[in-house]
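The values are calculated or read from the model by the stated rules, or taken from the named source; none is laboratory data. These figures come from a predicted structure and were not determined experimentally. FYI the Cβ positions are ideal-geometry reconstructions off the backbone, even for glycines, and counts take in every protein chain you see. Ligands, DNA and RNA are stripped out before the accessible areas are found, and what is left, the full protein with its side chains, is counted by its heavy atoms. Shrake-Rupley method; radii C 1.70, N 1.55, O 1.52, S 1.80 Å.
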Amino acid sequence: MTLRISRLDGVVTLTIPRGVSEREAMAFAAEKQDWVLGHLSKHAAPTLIGPGQTLNVGGQAFQLTESAGKRLLIQGDQIALPMPQEKGRVHLLAWLREQARAELTRASDHYAEKLGRSYARITLRDTRSRWGSCSSAGALMYSWRLILAPKAVLNYVAAHEVAHLQEMNHSPAFWKVVEQLYGPHKEARRWLRHDGPSLHRIRFDA
């Protein structure tokens, strides 16, 4: 039996082998209670987004406010959310996905043209284990949460996945293609390792 705590959102997962009863599993989890609580106390709490907060979108900081209307309103560096807050978050999430698709399409088109190759399609998901992927058929997949990262980081992920259109591996030849498309990428990779998990702690559901 194993217990794991996600560093993204603090979700605790208990895995049990076949033949182990629920009673035994719960007893095992109870024994590890102090260990779990100790780790969770160090874990940053999820942030339920709403008015009064700041949200970075495409590298720009926006102040979230309340809107008197029924639609999301973007003016300058402010995003006004319709009320109630649950409705506002739904509208905000839809807008963020639109922005993510536009920016990731722009970046993918740019790097694909630079590489002299084409991709099949772009899909957006809310993935936990990876920021992007490229299938052998040339289908690109990205986490929509990249729109919440610095623009240079979003561009790096796009360059990384487009590079797989030529090199379906992580060989020295692959990293050479990434370097040719994007340039120096250590800082963007460092940001994803150290700051990327914070993007998953931004919540849009109650």
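Need the list of aspartates and glutamates near residue 176 for cross-linking: C-alpha distance under 12 angstrom, and skip anything on the same chain fewer than eight residues off.
Answer for residue 176, where 12 Å is the Cα cut-off: 167, listed by chain and number.
On a 1.4 Å probe surface of the protein chains, which of 31, 187, 24 comes out largest in accessible area, and what is the full order? If you can, show how the numbers build up before the last one.
Working: 31 145, 187 120, 24 95 Å².
Order by accessible area, largest first: 31, 187, 24.
Hey, which lysines would be in cross-link range of residue 70, C-alpha to C-alpha under 28 Å, not counting anything within fewer than 8 residues on its own chain?
Residue 70 reaches 87.
How large, in percent, is the carbon and sulfur part of the accessible surface of the chain at a probe radius of 1.4 Å?
Values: 5920 of 11850 Å².
Solvent-exposed carbon and sulfur of the chain make up 50 percent of the total.
Leaving out ligands and nucleic acids, note down the accessible area per residue over region 151-206 with a 1.4 angstrom probe, in whole Å².
On the way: 2780 Å² over 56 residues.
Here the per-residue accessible area is 50 Å².
Determine the sum of side-chain charges near residue 134: Lys and Arg each +1, Asp and Glu each -1, restricted to other residues whose C-beta is under 14 angstrom from that of residue 134. Can you show the working numbers first?
Values: positive: 117, 121, 125, 130; negative: 161, 167.
That works out to +2.
At what distance in nm do the modelled label points of residue 22 and residue 139 sit from each other, each positioned 7 Å from its Cα along Cα→Cβ?
Result: 3.6 nm between the two label points.
Which aspartates and glutamates, if any, have their Cα less than 16 Å from the Cα of residue 151, not counting same-chain residues under 8 positions apart?
By straight Cα distance, residue 151 reaches 98, 103, 109, 161, 187, 195.
Sorted by accessible area with a 1.4 angstrom probe, largest first, how do 194, 164 fall? Could the numbers behind the result be given before it?
Numbers: 194 125, 164 15 Å².
Ranked from most to least accessible, the order is 194, 164.
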